[in-house]
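Read the structure below first, then the notes.
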Amino acid sequence: MMKSIKIIIAVIIGVVMLAACKKLDEVPPKNDSIIREYILPKPVLLSDMEREIVKEERAEYEKL
């Protein structure tokens, strides 16, 4: 009786494991018809005060 229960449980676990293993398409299909152009945002210039802050932080970093 105990042996048959173990076999039934093993079969159920095996079926569940096989049912959970479906093939996943992890890579989307390649579409060459789409042309992507990436436009970088225009840089923002630092003010004089911001430049001084950056210089002070850089000098402090270089001291270490």
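The values are calculated or read from the model by the stated rules, or taken from the named source; none is laboratory data. Because the structure is predicted, anything quoted here is derived from the model rather than measured. So basically every Cβ, Gly included, is an ideal-geometry build from the backbone, and we count neighbours across all protein chains shown. These area figures cover heavy atoms from the full protein model, side chains too; ligands, DNA and RNA do not enter into them. Shrake-Rupley method; radii C 1.70, N 1.55, O 1.52, S 1.80 Å.
Listed here are the residues, each with its yes/no results for (1) at pLDDT below 80; (2) in contact with a Leu (Cβ under 6 Å, 6 or more places away or on another chain); (3) not basic (Lys, Arg).
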{"site": "5", "(1), (2), (3)": "no, no, yes"}
{"site": "14", "(1), (2), (3)": "no, no, yes"}
{"site": "20", "(1), (2), (3)": "yes, no, yes"}
{"site": "34", "(1), (2), (3)": "yes, no, yes"}
{"site": "38", "(1), (2), (3)": "no, no, yes"}
{"site": "43", "(1), (2), (3)": "no, no, yes"}
{"site": "51", "(1), (2), (3)": "no, no, no"}
{"site": "57", "(1), (2), (3)": "no, no, yes"}
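Is it the case, given these coordinates, that residue 56 is open to solvent by 100 Å² or more (accessible area, probe 1.4 Å), of a type in the set (Asp, Glu) and part of a loop (DSSP other than H, G, I, E, B)?
Values: open to solvent by 100 Å² or more (accessible area, probe 1.4 Å): yes; of a type in the set (Asp, Glu): yes; part of a loop (DSSP other than H, G, I, E, B): no.
Answer is no for this residue.
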For the range 38-48, check the following and say yes or no: at least one residue is in a helix (DSSP H, G or I) and more than 23 Å from the chain's Cα centre (by Cα). yes
